[in-house]
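Here is the structure we will look at, set down as structure tokens.
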Amino acid sequence: MEKKMVSVGRRLSLLWLCAIPLLASCASLHAERGESEVASQTACLQWFESREATKATESGEFFSPDRLLGCFDGTIERDDVGGGTRALGEWAEDAAESRKNLVIRSHGGDAEVALAIAENLQAQDATVFAHELCASSCANYIFAGVVDRRITPNTLVLFHGGFSDQSRSRIEESLERHYAQSGDRISEIGVDRARLLASFDESRMRQDALLRRAGVDPAVIHAVDANDASALPAELCGGPSTLPRNFVYFSDDDAAQLGLNVSEGSILNDPPLVNRRIADFGRAFIACRLPLNEIAQ
């Protein structure tokens with residue numbers, strides 16, 4: 001997937017992800033909780049069901065059935081046209097209530113925004129339920145960044161890198177192209193470059209600290225980004241295909257070794273099933289299971 005600077009004001013906002021909306025599930029999220037909480041979780045799932053699956057590719061929307069439960073569907077945005085990302089951020093930031101539950105279906109979005117939301121969720125010991133799909137910045141930060149992670153049935157959790165050496169190099173290359181084209185409108189290019197790269201480096205430190213606090217190996221970002229998915233054996237990618245390999249995921253055992261333990265449910269990680277699910281929704285790419293012994297160190 002091509003990652004690029006989309007404007008001067010958003011030069012650090014890479015296009016991290018593709019969209020993969022999936023089928024809804026009506027399963028109870030946590031049977032041991034009280035009746036009122038189960039009822040509100042059911043209301044959240046009903047809200048997802050009421051929305052067309054393709055909505056997951058659009059601006060994020062937020063719904064809160066009660067003060068402890070939040071539901072988010074769609075793209076995590078910096079320029080929040082619909083207000084959903086802002087509402088999620090405000091709900092996550094509000095420290096008046098602790099032990100919140102977030103149910104999220106998202107193909108990802110702006111990495112810096114997702115990172116900030118994840119930091120607040122982690123600080124409040126929130127539980128995150130990945131529903132059907134949690135990819136890119138959703139997987140990197142909102143799912144991986146909390147200790148209590150849960151999965152509804154047939155859910156994909158897909159990674160493809162974040163704030164890493166590789167993405168920093170891509171940003172440097174994008175900046176050079178930008179300066180070559182528009183440098184005459186920037187009074188001090190060196191200062192501008194240093195400011196933007198310092199911002200990236202700060203985000204990388206926050207990212208790694210977030211993951212370590214959650215007991216997750218930052219290799220889910222750095223090593224994944226350093227690997228060439230095109231070199232993986234075809235059987236790890238659901239068989240031979242000419243489609244681009246945009247995401248990776250892990251087996252249950254490998255996820256546990258990376259610290260991505262799941263408190264409830266199981267991530268969908270059988271290669272043919274994963275790509276069949278993606279194909280069912282007309283997406284022109286595939287994902288591959290990345291074994292730990294294939295991760296570049």
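The values are calculated or read from the model by the stated rules, or taken from the named source; none is laboratory data. These numbers were taken from a predicted model, which means no experiment stands behind them. Cβ sites come from the backbone with ideal geometry, for glycine too, and all protein chains shown count toward neighbours. Remember, those area values only see protein heavy atoms, side chains included, never the ligands or the DNA or RNA. Shrake-Rupley method; radii C 1.70, N 1.55, O 1.52, S 1.80 Å.
Overview of values
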| item | result |
| --- | --- |
| Candidates Gly108, Gly161, Gly74, Gly145 - the one that is within 25 Å of Asp225 (Cβ to Cβ), outside any helix (DSSP H, G or I) and either at pLDDT 95 or above or among the acidic types (Asp, Glu) (or both) | Gly145 |
| Selected residue [assigned to a helix (DSSP H, G or I), in contact with a Leu (Cβ under 7 Å, 6 or more places away or on another chain) and more than 20 Å from Arg78 (Cα to Cα)] from Arg150, Arg177, Arg193 | Arg193 |
| Subset of the range 109-129 that is free of Cβ contacts under 8 Å to residues at least 60 places away in the same chain, under 12 Å from Ile76 (Cβ atoms) and touching a helix residue (DSSP H, G or I) at 6+ places or on another chain (Cβ under 6 Å) - its residue that is surrounded by the most Cβ atoms within 10 Å (Cβ to Cβ) | Ala114 |
| Of the criteria (1) in contact with a strand residue (DSSP E or B) (Cβ under 8 Å, 6 or more places away or on another chain); (2) of a type outside the set (S, T, N, Q); (3) within 24 Å of Ser263 (Cβ to Cβ), which one Gly109 fails | (3) |
| Top-ranked residue of the range 152-173 - restricted to ones that are open to solvent by less than 10 Å² (accessible area, probe 1.4 Å) and among the small types (Gly, Ala, Ser), ranked as farthest from Val128 (Cα to Cα) | Ser167 |
| Listing of helices (runs of 4 or more DSSP H) fully contained in the range 216-292 that carry 3 or more residues being buried (at least 19 other Cβ atoms within 10 Å of the Cβ) | 222-226, 271-280 |
| Single unsatisfied condition, Glu132 versus (1) buried (at least 21 other Cβ atoms within 10 Å of the Cβ); (2) at pLDDT 95 or above; (3) under 17 Å from Asn101 (Cβ atoms) | (2) |
| One residue from Arg193, Arg149 being more than 25 Å from Ala214 (Cβ to Cβ) and buried (at least 17 other Cβ atoms within 10 Å of the Cβ) | Arg193 |
| Count - residues of the range 202-215 that are open to solvent by less than 50 Å² (accessible area, probe 1.4 Å), assigned to a helix (DSSP H, G or I) and closer than 23 Å to Asp253 by Cα | 3 |
| Of the criteria (1) open to solvent by 30 Å² or more (accessible area, probe 1.4 Å); (2) under 21 Å from Leu156 (Cα atoms); (3) over 15 Å from the mean Cα position of the chain (by Cα), which one Gly70 fails | (1) |
| Ser199 being among the polar types (S, T, N, Q) and either in a loop (DSSP other than H, G, I, E, B) or exposed (fewer than 15 other Cβ atoms within 10 Å of the Cβ) (or both) | yes |
| Some residue of the range 100-108 being closer than 18 Å to Thr75 by Cβ and open to solvent by 10 Å² or more (accessible area, probe 1.4 Å) | yes |
| In the range 163-218, residue nearest to the chain's Cα centre (by Cα) [restricted to those that are of a type in the set (S, T, N, Q) and over 21 Å from Phe143 (Cα atoms)] | Gln166 |
| The range 270-296 residues that are without any contact (Cβ under 8 Å) to a residue 24 or more places away in the chain and more than 14 Å from Phe250 (Cα to Cα), paired with ones that are open to solvent by less than 60 Å² (accessible area, probe 1.4 Å) and β-branched (Val, Ile, Thr) (beta carbon under 9 Å, 6 or more apart) | Ala279/Ile286 |
| Residue among Ile171, Ile221, Ile142 that alone is of a type in the set (A, V, I, L, M, F, W, C) and either in contact with a strand residue (DSSP E or B) (Cβ under 7 Å, 6 or more places away or on another chain) or under 27 Å from Leu45 (Cα atoms) (or both) | Ile142 |
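Per-residue answers, yes or no, for (1) modelled with pLDDT under 90; (2) β-branched (Val, Ile, Thr); (3) in a helix (DSSP H, G or I):
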residue	(1), (2), (3)
Ala31	yes, no, no
Glu90	no, no, yes
Leu102	no, no, no
Glu119	no, no, yes
Gln122	no, no, yes
Asp125	no, no, no
Val128	no, yes, no
